[in-house]
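What follows is a single structure, written as structure tokens, with notes after it.
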Amino acid sequence: MYYKLAFRNVKKSLRDYLLYFLTLTFAVCIFYVFNSVEAQEVMLKISTSEKEILKTLTQMIDYISIFVSFILGFLIVSANHFLIRRRKKELGIYLLLGMKKSRVSRILVIETLFIGVISLAFGLLAGVFLSQWMSIFTAKIFQADMTGYQFVFSVNAFVKTLIYFGLIFVVVILASTFAVSRNKLIDLFSAQSKNEKPAVRHPVFTVILFVLSIACLGVAYQQVLKYGIMDFDYKLLREIILGAVGTFLFFASLSGFFLKLLQKCKGFYYKDLNFFILRQINSRINSAHISISFVCLMLFCTIGILSTGLGMNRAMENSLSAATAFDVEMYTGAGGAMSISDDLTSKGIALSDYAKTTYEYTDYTNPAILGTQVLTTDLYEKLQKEYFMSGREDPVPFIRLSDYNALLGMKDKPALVLKDGQIAFSYSAASQGFRDVVQEKWNQTGKISLLGQEYQVYPQILSESFVSIGADSNLAIIVPDSFLLDSAGKVTGGFSVSGSYLQFNCTGDSKTVQDELEKRVESFYGEDASSVDYFMVTRNVIQASYAGTKAIIAYVGIYIGLVFLLTSAAVLSLQQLSEISDNRQRYLVLRKIGADDRLIDITILRQTAIYFLLPLSLAVIHSIVGLRVANDAIRSLGGVNAAQNILITAALILIVYGAYFLATFMGSRRMIVREGRNE
Amino acid sequence: MSNMLTVTQVEKYYGNKGNLTKALDGVSFSVMEGEFVGIMGASGSGKTTLLNCISTIDKVTSGQIVIGGKDITEMKSRQLSEFRRKKLGFIFQDFNLLDTLTAQENIILPLTISAVNHREALARTLEVAQTLGITDVLLKYPYQMSGGQRQRVAAARAIVSKPSMVLADEPTGALDSKSSRILLESMEKLNVELSATILMVTHDAFAASYCKRILFIKDGQLFNELIRGQQTRRDFYGKIIEIISLLGGDVSHVL
């Protein structure tokens, strides 16, 4: 009998359960898809190092899943709580008829399980299908070919989803049992909320708050547009805090401010039930504005994270080519005791087997010329504070102009010409902002004193990068050969050889050749203790690590973005539904006074729309500013067509948000129009 | 004085052929403009069905109901909801003021619902508020008003749309005796000063004693009619009690 009752209840209140069902299904689906990433490997042709990265990614998703399951668990429990509150009277009747509390709980448990099983089934089904589509995305990120279509089903993710959501259901069941056992019969019956004192804020106070919030947001926008977000520094932190505070103030004051404003436009204020809606929102805003602000910030994050995550499959390609100037780079800090190529030859590795041309050079340091000295302490401190520039109290590396030009030649770039008494600075790995700061300093003086002699500084700071390892990827000084070597070719002026570099592009099938070389070099490590300690980087390795970074940013971003989106929509929806439920009496009065169903519909629609659109609109404005800046950042990282990602993000938001909006509207309408008729 | 409401041979049947319930069985009466009429009867006598039919919420099985010259039994549902908004005012058991709205906004509600121009609506609100002496609380919220003020606001809301007739369904049903008295006095004021036509359904003899005329209904048929005329309210009350004991069965309700 209890089963029958429970099933009938679910069937009867199907639309009440719609929101609950929707949340569960979406949650299960997202959870499965992201936990099944590892299983998609079978479809992809990827290298071993990329497989390792996929493992790391899976591990990360494992950790995030714990965090996500907490958020989802909280959401599901509060959705369930709302349902029980709605049904207090019904539960009260069961108790009044003499049913034991444990029996009532059992009915609820059966209902929860019933809904849980159905939504798990639907969510998993949707998840399995979506994960097929997801593997195309994975392939794109790793720039891997697909080995051909294979139906992917991750037993791992399946079991994990069952366990996690099983636990969540246990919590839900405990919570609902607790809710029933705690309530007294009288409370269950008098669940109708009574008239409450609306919170009224002083209008002047509201206006001040509103102006303040606009000011906060304006400054934050202006700052972020001016300084960008390329560098994580205290400015960015300030912008974030300003933006968040502005958002909170905005929603705290918005309804009061607009209420005052619109009361002046009587034509609008007294049209339809506009003033009712405004008052309704205003009466709730004290408690609602915090969650609305959170929802707004979460949506902003969602938009930002999602479009960044989606953009990752194309970003960083340019910076990849910048980071890997040559196929193979070898470095040793052994002070130039032996040339790398000679050493390799002695070990039986003929470079000519691997490359047409190679180039080897050394850099020089002078213990008397330190980074702080060259940059001046002021500038150094500024850079350290704003760009977290790491210790540059080391000697600055010097590179001979002839070496520099030879490398440029290998890259088919025009040679650098230095006039007499001129030297050049190179910052290859630094950000544009960093470079600008230094450039500005040289623009002022144009001169530098080294070892007691004055030199002209080459007007442009060089950004060409040749190595991704070693010291000069940051700061290096390019000098004429005569600066470092005397006429006999000996190192002069207190300088000594610091490190040796060997660079070349591989011939033939570069990827396989790189792998071969790497294997051979690795093979004599350890074999011969006297051998020079090499640091070797191939384009393959860098590419894999880039793909890994991309994949991690993309998956984690999309995962968290979707969960945030789901959470914001569900929170708004729950809030709106409980508000309508609590204030049903008010809407019923409207009906009795003569508002027909159409007018009630319009009122609910407008109210729901305002609740959903307010946080979304501010989030969109935030995002327009944010993405404009982020775009510049991403573009400098590797040029990406942001429009497409934003469109996909918008579509996702539209689907999830829209589904919740509709469910909320229909739920609210049902509560008032249909149930009102029966009273 | 013309007829505001004419009910002619109204019948309302529930159920099917085998099991027919005659909730209203040939009821005929009329209400003149500016009258304050009460309808009394025991539970299940059909008084609420009658009010529902008059207030266009329910449909009659046969017969005619003419309000202000319009036959509402012939109207379609869209016309009905418009008619209800424009021609009828309602006073409920509990006052049902919306606590989020100021008095002025509460009063103006029926006008905005029927899409009256806001200038006219505001002017009318003020006018009604002046008549009921609540202009000083117009900008206050219900929780800031006294009980009496709240009830007058509710009354103002019922008549602001200048209804042909105000319908009150057990308006004192959920009130203590003091609040009942205040409400009934303000209804009397509406009737006398604004010459509003009021039709009130009640089973409370005390509430009924404020009416000018009382129709008694039993088993779906008109049973008796009582006119106050020049009697004091106390005498009228006595008469009402007499009739109720005649009606039988409902005495326990009254005492």
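The values are calculated or read from the model by the stated rules, or taken from the named source; none is laboratory data. Quick caveat, the model's predicted, so the values are computed rather than measured. Heads up, the Cβs are rebuilt from the backbone with ideal geometry, glycines too, and the neighbour counts pull from every protein chain shown.
Could you tell me whether region B:154-173 includes any residue that is part of a helix (DSSP H, G or I), modelled with pLDDT of 85 or more, surrounded by fewer than 16 Cβ atoms within 10 Å (Cβ to Cβ) and out of contact with any Ser or Thr (no Cβ under 6 Å at 6 or more places or on another chain)?
Checked against the condition, which is being part of a helix (DSSP H, G or I), modelled with pLDDT of 85 or more, surrounded by fewer than 16 Cβ atoms within 10 Å (Cβ to Cβ) and out of contact with any Ser or Thr (no Cβ under 6 Å at 6 or more places or on another chain), region B:154-173 yields no hits at all.
Select from region A:541-581 the residues that are in contact with an Asp or Glu (Cβ under 8 Å, 6 or more places away or on another chain) and surrounded by 22 or more Cβ atoms within 10 Å (Cβ to Cβ) and list them in ascending order.
Listed by number, the list holds a single entry, A:Ala547.
Taking region A:373-400, which residues are modelled with pLDDT of 70 or more, surrounded by 18 or more Cβ atoms within 10 Å (Cβ to Cβ) and not aliphatic (A, V, I, L, M)?
A:Tyr380, A:Pro395, A:Pro397, A:Phe398, A:Arg400
Which number in (1) touching a Lys or Arg at 6+ places or on another chain (Cβ under 9 Å); (2) surrounded by 23 or more Cβ atoms within 10 Å (Cβ to Cβ); (3) part of a helix (DSSP H, G or I) marks the one condition that B:Gly89 misses?
Failed condition: (3).
Looking at region B:22-29, can you tell me whether even one residue there is crowded, with 20+ Cβ neighbours inside 10 Å and over 19 Å from the mean Cα position of the chain (by Cα)?
Start the filter on region B:22-29 by keeping residues that are crowded, with 20+ Cβ neighbours inside 10 Å, which leaves B:23-24, B:27.
Right, trim to over 19 Å from the mean Cα position of the chain (by Cα) and you get B:23.
Within region B:22-29, one or more residues are crowded, with 20+ Cβ neighbours inside 10 Å and over 19 Å from the mean Cα position of the chain (by Cα).
Is there a residue being away from chain B (no Cβ under 14 Å), within 33 Å of the chain's Cα centre (by Cα) and surrounded by 20 or more Cβ atoms within 10 Å (Cβ to Cβ) anywhere in region A:601-609?
The answer is yes; a qualifying residue exists.
Go through region B:122-162 residue by residue and tally those that are under 16 Å from B:Leu194 (Cα atoms) and either in contact with a His (Cβ under 7 Å, 6 or more places away or on another chain) or among the hydrophobic types (A, V, I, L, M, F, W, C) (or both). Reasoning before the result, please.
Let us first name the residues in region B:122-162 that are under 16 Å from B:Leu194 (Cα atoms), namely B:124-134, B:152-162.
Of the ones still in play, those that are also either in contact with a His (Cβ under 7 Å, 6 or more places away or on another chain) or among the hydrophobic types (A, V, I, L, M, F, W, C) (or both) are B:126, B:128-129, B:132, B:134, B:153-156, B:158-160.
Result for region B:122-162: 12.
Can you tell me which residue in region B:93-109 is nearest to the other protein chains (Cβ to nearest Cβ), limited to those that are at pLDDT below 85 and either touching an Asp or Glu at 6+ places or on another chain (Cβ under 7 Å) or in a helix (DSSP H, G or I) (or both)?
Within region B:93-109, the match that is nearest to the other protein chains (Cβ to nearest Cβ) is B:Asp99.
So which of B:Leu139, B:Leu126 ends up being more than 10 Å from chain A (Cβ to nearest Cβ), over 27 Å from B:Arg78 (Cβ atoms) and assigned to a loop (DSSP other than H, G, I, E, B)? Spell out the reasoning first.
Values: B:Leu126 fails: assigned to a loop (DSSP other than H, G, I, E, B).
That would be B:Leu139, the only listed residue that is more than 10 Å from chain A (Cβ to nearest Cβ), over 27 Å from B:Arg78 (Cβ atoms) and assigned to a loop (DSSP other than H, G, I, E, B).
Which residue, of A:Leu299, A:Leu278, is touching a Leu at 6+ places or on another chain (Cβ under 7 Å), at pLDDT 80 or above and over 16 Å from A:Leu616 (Cβ atoms)? Full working, then the answer.
Details: A:Leu299 fails: over 16 Å from A:Leu616 (Cβ atoms).
Residue meeting the stated conditions: A:Leu278.
Examine region A:240-263 for a residue that is farther than 30 Å from A:Tyr227 by Cα, assigned to a helix (DSSP H, G or I), at the interface with chain B (Cβ under 10 Å from one of its Cβ atoms) and within 36 Å of the chain's Cα centre (by Cα), and state whether such a residue exists.
No, the conditions are met nowhere in region A:240-263.
Residues are listed down the side, and each one gets a yes or a no for (1) crowded, with 17+ Cβ neighbours inside 10 Å; (2) among the aliphatic types (A, V, I, L, M):
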{"residue": "A:Ile478", "(1), (2)": "yes, yes"}
{"residue": "A:Phe495", "(1), (2)": "yes, no"}
{"residue": "A:Gln503", "(1), (2)": "yes, no"}
{"residue": "A:Ser523", "(1), (2)": "no, no"}
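Yes or no: B:Glu185 of a type in the set (Asp, Glu) and farther than 28 Å from B:Thr49 by Cβ? Reasoning before the result, please.
Working: of a type in the set (Asp, Glu): yes; farther than 28 Å from B:Thr49 by Cβ: yes.
Spelling it out, B:Glu185 is indeed of a type in the set (Asp, Glu) and farther than 28 Å from B:Thr49 by Cβ.
Looking at (1) surrounded by fewer than 18 Cβ atoms within 10 Å (Cβ to Cβ); (2) within 18 Å of the chain's Cα centre (by Cα); (3) modelled with pLDDT of 85 or more, which is the one condition that is false for A:Val68?
Unmet condition: (1).
What do you reckon, is B:Gln151 part of a helix (DSSP H, G or I), without any contact (Cβ under 8 Å) to a residue 40 or more places away in the chain and either more than 16 Å from the chain's Cα centre (by Cα) or crowded, with 21+ Cβ neighbours inside 10 Å (or both)? Give the derivation first.
Working: part of a helix (DSSP H, G or I): yes; without any contact (Cβ under 8 Å) to a residue 40 or more places away in the chain: no; either more than 16 Å from the chain's Cα centre (by Cα) or crowded, with 21+ Cβ neighbours inside 10 Å (or both): yes.
Judged against the criteria, B:Gln151 is not a match.
Given (1) closer than 15 Å to B:Glu11 by Cα; (2) surrounded by 15 or more Cβ atoms within 10 Å (Cβ to Cβ), where does B:Thr102 come up short, assuming only one miss?
Of the numbered conditions (1) closer than 15 Å to B:Glu11 by Cα; (2) surrounded by 15 or more Cβ atoms within 10 Å (Cβ to Cβ), the odd one out for B:Thr102 is (1).
Only one of (1) in contact (Cβ under 8 Å) with a residue 24 or more places away in the chain; (2) closer than 22 Å to A:Gly73 by Cα fails for A:Thr138. Which number is that?
So A:Thr138 meets the others, but not (2).
So which residues in region B:120-148 are among the basic types (Lys, Arg) and over 24 Å from the mean Cα position of the chain (by Cα), if there are any at all? Write out each step before concluding.
Taking region B:120-148 and keeping what is among the basic types (Lys, Arg), we get B:124, B:140.
If the condition is that a residue be among the basic types (Lys, Arg) and over 24 Å from the mean Cα position of the chain (by Cα), then B:Lys140 is the only one that fits.
Within region B:133-140, is even one residue buried (at least 22 other Cβ atoms within 10 Å of the Cβ) and out of contact with any Gly (no Cβ under 6 Å at 6 or more places or on another chain)?
Taking region B:133-140 as the starting set, the residues that turn out to be buried (at least 22 other Cβ atoms within 10 Å of the Cβ) are B:134.
Now drop any that are not out of contact with any Gly (no Cβ under 6 Å at 6 or more places or on another chain), which leaves B:134.
Scanning region B:133-140 turns up at least one residue that is buried (at least 22 other Cβ atoms within 10 Å of the Cβ) and out of contact with any Gly (no Cβ under 6 Å at 6 or more places or on another chain).
Given (1) at the interface with chain A (Cβ under 8 Å from one of its Cβ atoms); (2) at pLDDT 85 or above; (3) closer than 19 Å to A:Leu278 by Cβ, where does B:Arg119 come up short, assuming only one miss?
(3)
Which of the following residues is assigned to a helix (DSSP H, G or I) and in contact with a Gly (Cβ under 6 Å, 6 or more places away or on another chain): A:Ile61, A:Ile93, A:Ile71, A:Ile53? I'd like the intermediate steps shown before the answer.
Values: A:Ile61 fails: in contact with a Gly (Cβ under 6 Å, 6 or more places away or on another chain); A:Ile93 fails: in contact with a Gly (Cβ under 6 Å, 6 or more places away or on another chain); A:Ile71 fails: in contact with a Gly (Cβ under 6 Å, 6 or more places away or on another chain).
Every option except A:Ile53 fails the conditions.
On the given criteria, is B:Lys178 without any contact (Cβ under 8 Å) to a residue 40 or more places away in the chain and not in a helix (DSSP H, G or I)? Lay out the reasoning, then the answer.
Working: without any contact (Cβ under 8 Å) to a residue 40 or more places away in the chain: yes; not in a helix (DSSP H, G or I): no.
In short, no.
Which residue out of B:Val160, B:Val137 is touching a Lys or Arg at 6+ places or on another chain (Cβ under 8 Å), in contact (Cβ under 8 Å) with a residue 24 or more places away in the chain and not polar (S, T, N, Q)?
Values: B:Val137 fails: touching a Lys or Arg at 6+ places or on another chain (Cβ under 8 Å).
None of the others qualify; the one that does is B:Val160.
Residue by residue through region A:111-141, note down the ones that are crowded, with 19+ Cβ neighbours inside 10 Å and more than 16 Å from A:Phe34 (Cα to Cα).
Listed by number, the residues that qualify are A:Glu111, A:Thr112, A:Ile115, A:Gly116, A:Ser119.
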